[in-house]
Structures are given as C-alpha cells and as structure tokens.
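Here's the structure we're looking at; comments come further down.
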C-alpha cells in the first residue's frame, strides 16, 4: 500500500483501520523519526496501515503575513522520506482558509474517523490542532474514547538537554553549523530534486551547474557552499554550490546550482541530492562578470580543499 491523499474529506481510505501520526514533519529530524517509528511499530503489531498526516502548505506558511518562513524540506522529499520510514500512507492535507476554520472535533471526525478509520493516533510533544489551535492531546483522548480510537504522545527527543526541533535545525543551518544540523537530523542536511534547465550562464563562464528549483518555498539557507552530490555515481561527487537568487545576474527565484568538479555529462531530468558540508560565504552582488568569475575560482579552490578533508556520507536515508 502506497497511499497519498490531499483531501480532508472523501471515501474511507483504510476501512480495516489504521494507526495515524500527525505533524509538520519538516526535515524529518530525530523527533519526527521517533514519532513515525512508534506509529509504524504499532501499525505492524495491529496488522493495519501506518499513515502519516501532514499539511501543505504548512500552517505557519499559510498564516505568515510577510514572506514565507523557511522550509527544510520540499513536499515530495517529505513524502518519500515518510515512506522510507515505513509509512504505508501519507496525507498532505490542503491547508487553506476552509481547513484553518475547521474545529478540532470536526478534524477528528472527518479525517481520523471517516477518512482513516484510526485505531490509534500518535502525536508529538506540545501538539495542537484545529481552529485557533484549540485542540490538544487531552481533547483528542476524550473525543477519541467516544469516536473509537486512542490518542497518545511520545516523549520529547532531547539532544544536549534540549528538545530536537526544526527551529533548532534552521538556526544551525543559518549559522553554517552543518555538524550540529546533522546531529539533530540524524543524517547530513541535503536537498534533492530533478535537475532543470537554467539560463546556462554558468556554462558560458566555464562553471556548468546542475540546477534544482525550490518550488516556491523559502530555503532555510542561502550562500555559497562546499557540497557533495549524490545520485550520479556510486560514490558522491565533490562540488561547490550556490543557493540564492543570483543578484549579479538579476535572478529572482531561489535556485540551487551545483558545480561538479571535473565532471562532464548531461544531468537534465536526473534526480540528485546535494549534501551541504560547509559554508564558504554569503551570496553577494559583483560589479561585473569578470569579478564574479574570479570569486568563483576562489570558491572552487576553497571547496576542493575542504572536501579533501571531509569523508562523504554513503547514504542520506
């Protein structure tokens, strides 16, 4: 069973019952993995599907008044990650004005009971849901007893005495502390996607790049980085990557551009993952293209030197 659904209402998807976990799951960090792992284990014990329920856009994106808050992970990567963790079904519920107005009891009735026939529901610490975030675990436990399911939360996952959270990971990425981000995630931070066509300016400057779009989301980091690229060869390939809006050439949309060292090949349409190792500098606007190329040469040399001292990860799962 590999189920993906977007609607809060509709026909029953798991008539035999299910075990559900609910969360934003942005980044799929150690806390998320513990939550999903508990739900999957309980689903296997009961012989029913494990279903992860999340939202798209995330509520904090929907309610943001000025600019979209940064995201660690794109929706497709989240779905793939949840499936890799053992989820049989994934719900990316459309979070719009109608959904935001749904009362907590209505969410339980429509999504958990009618849609998923939930037997158990698992949530993380400090879980809130429903209109005005009025619902909590206590309400879910009380209502669940009448609706036919139980609800429980996992204990907080701590690292260095603090709860693991997407907020901590975003702060580590902004600070260029990729080692800390990896500890919180349980794996190196990476962004994946299919290589798309760009303006081919990099090629004309002697630095061809594999380009990934961030699909209308705000990235959690911006600048120039030493990186490994997975998905092309048996082992990751060294690279230097730019993630930003390319101000020197008047770019607008955030674009991840990875220049693979000493590589010549057609990557368009290929799915790759770019693993971030170290930040070299912030993105900046140069007065002309020769100045930009000179800096790119320095970035290239610095990234090569850093990666020569860094062992690539064999897998990013």
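The values are calculated or read from the model by the stated rules, or taken from the named source; none is laboratory data. It should be emphasised that the depicted structure is a prediction, and the values quoted were computed from it without experimental measurement. Backbone-built Cβ (ideal geometry, glycine too); neighbour counts: all protein chains shown.
Tabulated values for the structure
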| quantity | calculated |
| --- | --- |
| Residue match in segment 178-198 (condition: in contact (Cβ under 8 Å) with a residue 12 or more places away in the chain, within 28 Å of residue 309 (Cβ to Cβ) and loosely packed, with under 15 Cβ neighbours inside 10 Å) | no |
| Selection within segment 285-307 - under 23 Å from residue 182 (Cβ atoms) and touching a residue at least 40 places away in the same chain (Cβ under 8 Å) | 299, 302, 303, 304, 306, 307 |
| Unmet requirement for residue 6, which otherwise passes all of (1) touching a strand residue (DSSP E or B) at 6+ places or on another chain (Cβ under 7 Å); (2) at pLDDT below 95 | (2) |
| Output for segment 227-244, where each listed residue is touching a residue at least 12 places away in the same chain (Cβ under 8 Å) and over 20 Å from the mean Cα position of the chain (by Cα) | 232, 235, 236, 237, 238, 239, 240 |
| Of all residues in segment 47-63 being assigned to a loop (DSSP other than H, G, I, E, B) and touching a strand residue (DSSP E or B) at 6+ places or on another chain (Cβ under 9 Å), the one that is surrounded by the most Cβ atoms within 10 Å (Cβ to Cβ) | 49 |
| Checklist (1) in contact with a strand residue (DSSP E or B) (Cβ under 8 Å, 6 or more places away or on another chain); (2) within 25 Å of residue 30 (Cα to Cα) applied to residue 138, failing item | (1) |
| Which numbered condition residue 144 fails, given (1) free of Cβ contacts under 8 Å to residues at least 60 places away in the same chain; (2) in contact with a helix residue (DSSP H, G or I) (Cβ under 6 Å, 6 or more places away or on another chain) | (2) |
| Check on residue 69, surrounded by fewer than 22 Cβ atoms within 10 Å (Cβ to Cβ) and either over 21 Å from residue 4 (Cα atoms) or not assigned by TED's automatic domain parsing to the domain that holds residue 136 (or both) | yes |
| Candidate set from segment 105-139 (those that are in a strand (DSSP E or B) and without any contact (Cβ under 8 Å) to a residue 60 or more places away in the chain); member that is surrounded by the most Cβ atoms within 10 Å (Cβ to Cβ) | 135 |
| Yes/no for residue 167 being outside any strand (DSSP E or B), surrounded by fewer than 18 Cβ atoms within 10 Å (Cβ to Cβ) and not assigned by TED's automatic domain parsing to the domain that holds residue 73 | yes |
| Of the criteria (1) assigned to a loop (DSSP other than H, G, I, E, B); (2) closer than 29 Å to residue 220 by Cα; (3) in contact with a helix residue (DSSP H, G or I) (Cβ under 9 Å, 6 or more places away or on another chain), which one residue 176 fails | (3) |
| Any hit, segment 275-284, residues being over 24 Å from residue 182 (Cα atoms) and either surrounded by 12 or more Cβ atoms within 10 Å (Cβ to Cβ) or in contact with a strand residue (DSSP E or B) (Cβ under 6 Å, 6 or more places away or on another chain) (or both) | yes |
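For every residue, the table says whether it meets (1) without any contact (Cβ under 8 Å) to a residue 12 or more places away in the chain; (2) outside any loop (DSSP other than H, G, I, E, B).
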{"site": "9", "(1), (2)": "no, no"}
{"site": "15", "(1), (2)": "no, no"}
{"site": "45", "(1), (2)": "yes, yes"}
{"site": "79", "(1), (2)": "no, yes"}
